[in-house]
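Please treat every number below as a calculation from the coordinates, not as lab data. Keep in mind the model is a prediction, meaning the values are calculated, not measured. Every residue, glycine as well, gets a Cβ built from its backbone with ideal geometry; the counts of neighbours run over all protein chains shown.
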Ligand code: ADP
Ligand code: MG
């Protein structure tokens with residue numbers, strides 16, 4: 001289905017918010033994703049865990065087409081991203097992404113970092129963009145940093161600004177790729193608290209993380225990936241608490 005052709009309300013009114021079917025991705029001769037099938041319902045929080053190099057980032061990047069799948073289909077909100085005729089920019093606007101590195105513009109203030117993409121991509125006027133920026137800085141607890149420059153903020157504050165920047169675009173889905181992995185341990189909690197808030201508010205979230213406490217407490221489902229395949233997919237109690245595969249047990253034992 002092509003986004004824009006029908007009213008937004010009619011797109012994906014039912015069915016999963018994110019759907020991945022038979023996804024394969026190769027870099028040259030190296031097959032990194034070897035047939036991934038995954039459905040994430042609206043408002044669901046799914047944590048993706050697994051060893052380094054297992055394909056977690058590549059999977060996330062295929063879900064917003066930062067990487068082009070070699071084979072298979074990806075749907076977000078009922079729209080097929082892998083359809084050659086899709087308006088990819090329109091679909092991407094529904095998907096927020098937060099990376100390990102915050103990628104803020106160092107020469108812009110916090111507010112300017114939040115208003116620039118709204119004005120460029122969504123064509124919002126200055127007043128509207130500033131209002132949305134202020135609301136989202138408030139949500140992540142950083143209203144008082146509106147005029148600060150990124151370099152004056154801690155890593156945790158910069159990551160919360162990056163989340164607020166994503167939220168300012170009004171996404172239906174948020175993808176997080178190890179959002180706390182670059183942070184000093186004492187700064188991790190504030191970022192996870194913002195993610196918990198989003199989960200509580202009903203945001204559909206796909207979170208690659210090594211934070212098992214977060215996965216246990218916040219995720220509806222945990223997906224364990226190894227070597228380009230999904231090995232286990234179930235509740236946190238099942239996948240983390242009593243994994244059925246030796247590979248999962250081995251991975252979890254090394255985290256402790
Ligand atoms: P993870 O996030 O689980 O650590 P990645 O998805 O980053 O795993 O990487 C999976 C595999 O794909 C790794 O072997 C990595 O070297 C390879 N890979 C990732 N991106 C590229 C790329 N752009 N070009 C070539 N190989 C890549
Ligand atoms: Mg990764």
For the chain, percent of DSSP beta bridges that are antiparallel (nearest 5) comes out at 55 percent
With a ≥ b ≥ c from the Cα gyration tensor eigenvalues, square-rooted, and the rule rounded for a/c under 1.5, otherwise prolate when a/b > b/c and oblate otherwise, region 150-253 is prolate
Computed on Cα atoms, Rg of region 106-171 relative to 2.2 N^0.38 Å comes out at 0.98
When 119, 94 are arranged by how many other beta-carbons sit within 10 Å of their Cβ, fewest first, they go 119, 94
From fewest to most C-beta neighbours within 10 Å, the residues 217, 246 line up as 246, 217
Expected sort for 174, 169, 197 with the fewest Cβ neighbours (10 Å cutoff) up front is 197, 169, 174
Expressed in angstrom, Rg and Dmax over the Cα atoms of the chain are 18.2, 55
Zone reached by a paramagnetic label modelled 7 Å from residue 186 Cα along Cα→Cβ, restricted to region 139-162 with backbone N below 14 Å, covers 154-157
Taking a ≥ b ≥ c as the square roots of the Cα gyration tensor eigenvalues, with a/c under 1.5 meaning rounded and otherwise prolate when a/b beats b/c or oblate if not, region 128-204 comes out oblate
Hull volume per residue for region 25-151, using the convex hull of the C-alpha atoms, in Å³ is 161 Å³
Protection proxy (average C-beta count within 10 Å per residue), highest first, orders 36-47, 232-243 as 36-47, 232-243
Scoring the chain by relative contact order with C-alpha pairs under 8 Å, at least six apart, yields a percentage of 25 percent
Taking R0 as 45 Å and r as the Cβ-Cβ distance between residue 125 and residue 100, the FRET efficiency 1/(1 + (r/R0)^6), rounded to the nearest 0.05, comes to 0.85
